[in-house]
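Below is one structure, written out as C-alpha cells; the observations come after it.
The values are calculated or read from the model by the stated rules, or taken from the named source; none is laboratory data. Computed from a predicted structure; not experimentally measured. Because the Cβ atoms are built from the backbone with ideal geometry, glycine has one as well, and the counts that use them run over all protein chains shown. Quick note on the areas: whole protein, heavy atoms, side chains included, nothing else; ligands and nucleic acids left out. Shrake-Rupley method; radii C 1.70, N 1.55, O 1.52, S 1.80 Å.
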Amino acid sequence: MLNDLKHTPAGTLDIDWVTVEAKLGFQLHENIKNYFSRISGTFCKRGYMKFEPTEFSKKCMNRDTWLETDESAGRFIDYTLCLLKDIDTESVYLRLKELFNGDWTGGNEFGCRAYIGEIIINIGQISIIFNNDTGQYEWVDFGWGYMDVYEENPYGIIADSTEEFLNKLNDEDEI
C-alpha cells in the first residue's frame, strides 16, 4: 500500500475537488488533494515500518526530544494511514468531513486539521494530522493529556509536502 501511495502520481483519481470544497465550506490545501488523489482502498491501511524518530520528525514544536526519548527508536512499529474508500463526490465529502471534524477531535476545536493516521510506539499512539492552513503533516501525542488545546500537547512537523511525508515512511518490505 505504501509503495502504491509513493509511486502513484497525484491526480490519478478523478475527484471533483471544486464540489467537495463547496460542500465542506473551505478550500483544501493542494497537499491534501495530492495525498488523497493517488489511490483508494479501505478507510485505513496498516503497515509495519522501522522507526527513526530523528528522521520522522522534522521539527518538534514544544517538546524538543519527545519522540527521540522513546525506546521504539530503531525498532519496527505499526502505522496506519487513512485513504478514501470510494471516490464519488459525496463519499469524498463525507470522508473528509469526518477526517476534519470527526470523533478524533473529542469535540474540541483544532483549527483546520485532518486526521491522516497514526504510529504506535512505546509511549503509545502518536496521531498523524494534516494542517490545512500550512499544508504540513504534523504528529501529536494526544495521550499525554491536553486534548482540548492542540498546542499544549507534544507535537511537531513531519513534512512540508506529501512527497516528503510519504518518503519519511518506509514499509517493512522496503528495508
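Residues within the reach of a label modelled at Asn108 (point 7 angstrom out along Cα to beta-carbon, backbone nitrogen below 16 Å), restricted to region 52-77, are 61-63.
Using DSSP to define loop residues, name the chymotrypsin sites (Phe, Trp or Tyr not before Pro) in region 104-159 whose beta-carbon has at most 15 other beta-carbon atoms within 10 Å. The qualifying sites are Tyr146.
Solvent-accessible surface of the chain, averaged per residue with a 1.4 angstrom probe and all protein chains in place: 47 square angstrom.
GluC sites (Glu not before Pro), restricted to region 86-175: which are DSSP loop and have at most 15 other Cβ atoms within 10 Å?
Glu109
Of the whole protein surface, Thr80 contributes about 10 Å² of accessible area at a 1.4 Å probe radius. Calculated FRET efficiency, Asn62 to Asp88, Cβ-Cβ distance, R0 = 25 Å: about 0.05 to the nearest 0.05.
Under a Cβ-only charge scheme (Lys and Arg +1, Asp and Glu -1), can you give me the dipole magnitude of region 1-90 about the Cα centre, in debye to the nearest 20? Don't jump to the answer; show the numbers that get you there.
Details: 12 positive and 15 negative charges, 32 e Å.
Value, rounded to 20: 160 debye.
Multiplying the residue separation of Val149 and Asp78 by 0.36 nm and subtracting their alpha-carbon distance yields 22.9 nm. Given q = 0.16 Å⁻¹, what are the Debye log10 I(q)/I(0) values for the chain, with equal point scatterers placed on the Cα positions and solvent ignored? Listed by q, the Debye log ratios stand at -0.95.
Each label point was placed 7 Å from the Cα along the Cα-to-Cβ direction; for Lys97 and Asn167 their separation is 3.7 nm.
As a length-normalised measure over Cα pairs under 8 Å and 6 or more apart, the relative contact order of the chain settles at 26 percent. With viscosity set to 1.567 mPa s and temperature to 4 °C, compute the Stokes-Einstein D of region 73-132, Rh being the Kirkwood radius across alpha carbon pairs; µm²/s, no decimals. For the chosen part, D equals 101 µm²/s. Comparing Gly135, Gly25, Gly124 in a Gaussian network model of the chain, where Cα atoms under 10 Å apart are tied by springs, the biggest mean-square fluctuation is seen for Gly25. When all protein chains stay in place and ligands, DNA and RNA are ignored, the 1.4 Å accessible-area order of Arg113, Arg63, Arg75, largest first, is Arg75, Arg63, Arg113.
Around the amide H of Ile116, modelled in the peptide plane, lie the amide H atoms of Ile128, Ile129, Phe130, all under 5 Å away and 5 or more residues distant in sequence or on another chain.
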